[in-house]
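This report concerns only the one structure given below.
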Amino acid sequence: MSAGGTGHDGADVVVVGAGLAGLHTATLLARGGHDVLLADRRPRLTGAVRTTGIFVRRTLDDFDLPPEHLGPPIRRVALYPPGLRRPVVLDSDRDEYRVGDMGPLYEAGARAAVAAGVRLALGTRYEGRADDGAVVLTGPGGPLRVRTRFLVGADGARSRVARDLGLDRNSELLTGAEEVYAVPDTGRTPTFHCVLDPTLAPGYLAWVVDDGRHAHVGVAGYAHRFPSGLRAALDRFAATAPGLPGPRPEAVERRGGPIPVGGLLHRIGCPEGLLVGDAAGAVSPLTAGGLDPCLRLSAHAAEVLDDALRTGRRDALAAYDGATLRASFRGRLLLRRGLAAVRTPAVAGAGVALLRTPPGRAAARRVLFGDRSFPDPAPVRRTAAAVPA
Ligand SMILES: Cc1cc2nc3c(=O)[nH]c(=O)nc-3n(C[C@H](O)[C@H](O)[C@H](O)COP(=O)(O)OP(=O)(O)OC[C@H]3O[C@@H](n4cnc5c(N)ncnc54)[C@H](O)[C@@H]3O)c2cc1C
């Protein structure tokens with residue numbers, strides 16, 4: 001990349017956003033021999049973390065995450081009504097979740113990307129596309145125009161790349177916020193505590209994840225439905241949150257951000273590029289888990305782009321179809337409507353009471369301990385080359 005002034009550059013693919021989706025897509029493409037520029041506005045990937053970092057068993061089984069950056073396994077979930085009395089406790093006989101130490105995990109991902117040949121540009125903001133299709137970035141050395149064959153939007157829930165490529169954009173969003181701090185290991189059972197209370201978390205849950213090393217205390221919901229705002233809800237919850245071994249310390253790490261829950265978007269690709277991760281709406285509408293979906297969709301995106309780059313055919317991106325994959329989200333979209341409809345503590349209490357019954361417990365186990373997350377897209381059928389690759 002040019003060091004200063006209005007520089008010019010070229011790349012097979014420009015990926016905007018070095019979250020998990022962008023890092024994974026860029027690394028797979030570079031391993032396939034393509035020239036990839038990965039730009040993120042964050043100057044350090046350890047800063048401005050926006051996720052709790054709970055990885056589900058299916059992800060831990062299928063993807064190589066460095067185990068030294070994962071917390072102890074969690075097998076227990078406790079579901080509380082408003083008032084926190086008599087939680088429904090579910091134990092799994094398998095390790096279900098591990099919480100990632102996200103700063104070091106992003107850094108490990110960045111090292112893997114660079115080792116694969118990705119040119120990583122941190123502190124570099126995507127500004128838009130020029131009339132000739134070049135990507136316009138602003139980095140530490142000033143503005144930069146990059147000619148590219150394909151543009152990938154891995155730039156999160158409010159994707160600017162989606163707008164510029166004329167693709168679908170997320171319209172149903174939750175907003176979440178949490179505090180993270182180290183806790184003493186007193187031999188407690190690592191537990192994921194979930195509180196169903198629409199005054200704390202309208203349309204979603206308040207949570208405490210305590211894996212014996214760190215506590216994550218958070219709330220999320222529809223922004224316009226927090227009675228006194230998100231911050232006040234988090235403060236109120238942090239003061240009474242269940243399952244914590246002691247008082248909250250003075251200094252805590254704060255995290256937060258939007259979570260798309262409208263399901264995978266229909267139009268996530270076009271001849272000029274595509275979207276991955278939150279930008280594509282690849283988040284479970286019910287659990288709001290996006291880490292497994294973003295890894296799976298990124299692998300599919302890299303396969304489609306590899307085909308397009310090797311064959312020289314832009315129309316190969318037609319195989320990247322959100323509408324087909326979205327079909328498997330139908331059930332979870334219905335359950336999302338159900339969760340969104342919980343508007344009073346009385347209804348939330350009745351919901352948790354239902355979860356106490358054998359069918360309710362079985363349903364909760366299926367959602368919390370089941371293997372369904374994001375559908376594995378069908379393998380890409382290779383396109384016939386239009387031009388010599
Ligand atoms: C509070 C909270 C808790 C969550 N907890 C969990 C959880 O425990 N488990 C789970 O599975 N999911 C969780 N999620 C959802 C999950 O974190 C996301 O789905 C996932 O991280 C999305 O990854 P991504 O790479 O698509 O986006 P992001 O991680 O948001 O990355 C987008 C990147 O794009 C960069 N960017 C944006 N705009 C520009 C620009 N113009 N120029 C350059 N760079 C740009 C940003 O700096 C960022 O690095 C949570 C979400 C929130 C908000």
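Cβ-Cβ distance of Arg188 and Leu84, R₀ of 22 Å, FRET efficiency by 1/(1 + (r/R0)^6): the value works out to about 0.85. Of all beta bridges that DSSP places with both ends in the chain, some 65 percent have antiparallel geometry. Looking at the stretch 234-322, the GluC sites (Glu not before Pro) that sit in a DSSP loop and have at most 11 other Cβ atoms within 10 Å of their own Cβ are Glu250.
So what's the convex hull volume per residue for the Cα atoms of the stretch 23-91, in Å³?
153 Å³
Under a Gaussian network description of the chain, with springs only between Cα atoms under 10 Å, the residue in Leu291, Leu38, Leu368 that fluctuates furthest is Leu368. The mean sequence separation of alpha-carbon pairs under 8 Å and at least six residues apart, normalised by the residue count of the stretch 1-133, gives a relative contact order of 34 percent. Of interest is the spacing of the C-alpha centroids, which for the stretch 172-207 and the stretch 261-328 amounts to 29 Å.
Based on C-alpha pairs under 8 angstrom that are at least 6 apart in sequence, the stretch 99-213 has a relative contact order of 13 percent. The stretch 122-141 and the stretch 46-88 have Cα centres separated by 35 Å. The equivalent ellipsoid of the stretch 234-318 has semi-axes of 40, 13, 10 Å, largest first, where each one is the square root of 5 times an eigenvalue of the Cα gyration tensor.
For the chain, the extents of the C-alpha atoms along the principal axes are 66, 42, 38 Å, listed from largest to smallest. Our summary gives the chain a relative contact order of 19 percent, counting only alpha carbon pairs under 8 angstrom and 6 or more residues apart. Under 10 Å, Cα contacts only: if you run a Gaussian network model on the chain, which one of Ala26, Ala340, Ala302 comes out with the highest mean-square fluctuation? Looking only at Ala26, Ala340, Ala302, the largest GNM fluctuation is found for Ala340. When the chain is treated as a GNM with alpha-carbon contacts under 10 Å, the residue of Pro184, Pro377, Pro143 showing the greatest mean-square fluctuation is Pro184. Altogether, the Stokes-Einstein calculation at 20 °C and 1.002 mPa s, with the Kirkwood radius of the stretch 125-181 over Cα pairs as Rh, returns a diffusion coefficient of 160 µm²/s.
Where a number appears in this text, it was derived from the coordinates with a stated rule and is not lab data. None of these values were measured; they are calculated from a predicted model. Quick reminder, even Gly has a Cβ in these numbers, built from the backbone with ideal geometry, and neighbours come from all protein chains shown.
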